[in-house]
Every structure is written in structure tokens, then in C-alpha cells.
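Encoded as C-alpha cells, the structure appears first; notes follow it.
The values are calculated or read from the model by the stated rules, or taken from the named source; none is laboratory data. Keep in mind that what you see is a predicted model, and the values were worked out from it rather than measured. Heads up, the Cβs are rebuilt from the backbone with ideal geometry, glycines too, and the neighbour counts pull from every protein chain shown. The area values use the complete protein model at the heavy-atom level, side chains included, leaving out ligands, DNA and RNA. Shrake-Rupley method; radii C 1.70, N 1.55, O 1.52, S 1.80 Å.
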Amino acid sequence: MSIDPRIESLRAELTANDVKIVEAVNARLELVARLRAVKEELGVGFLDPGREQWLVEHLLEANGGPLSDDGLQRLVDELLALTKREVYERPSPGA
């Protein structure tokens, strides 16, 4: 049985969107690595809970849905946790 062309088309769009998500996460990781290096150079602590809270609030305001506020909060929590793991597992760019 062949797959309906609408399913194939939507799957192709989803795959393309998923690639963009991975590219965006990789770009974020590169920016955070650069930020980490600058903060280390200046002797500033890496983690900034106030900035993280601002980010959540900013994204909640920017969210046009259909992602719920709870879903957005969970997404940001996971993104920040992933970013911290990735950044701490690799050496600083200046090291």
C-alpha cells in the first residue's frame, strides 16, 4: 500500500523543520560558548538566573501559539539544561 502524498508532503515539511531546529540549537551552542569565553576572560560567573528568568518571560510574551505557556516553559527549561550540559562537557574556546 502506498503512502498518501499528503502524508509524504507533511513528513517532508516536518523533517525540514526539524533540520532547522537542530541548526538553531547548534547556533545557540556556538553563541553560548563564545559568551562563556568572554565571561571567563572578564571573571564573570557563567550562570545568570536573572537572565534565564528574563528569557522565559520574553519568550512567553513572544509566543503566538499554539505552544502553551506550560509547553514553552518546559521547552526553555530543557533547552537551558541541554545548553549547560553541552557547554560544560566541552572545553572553553579559550582553553
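List of remarks:
- Here region 38-89 is the region considered, the condition is being β-branched (Val, Ile, Thr) and more than 15 Å from the chain's Cα centre (by Cα), and the residue that is nearest to ALA27 (Cα to Cα) is VAL38.
- Test: residue in region 31-42 that is out of contact with any helix residue (DSSP H, G or I) (no Cβ under 9 Å at 6 or more places or on another chain) and not in a helix (DSSP H, G or I): no
- Selected residue (only one of GLU61, GLU52 is assigned to a helix (DSSP H, G or I), open to solvent by less than 60 Å² (accessible area, probe 1.4 Å) and not small (Gly, Ala, Ser)): GLU52
- Here LEU29 clears all of (1) modelled with pLDDT of 95 or more; (2) open to solvent by 50 Å² or more (accessible area, probe 1.4 Å); (3) hydrophobic (A, V, I, L, M, F, W, C) except the condition numbered (2).
- Filter pass, GLU23 being in contact (Cβ under 8 Å) with a residue 24 or more places away in the chain and not aromatic (Phe, Trp, Tyr): no
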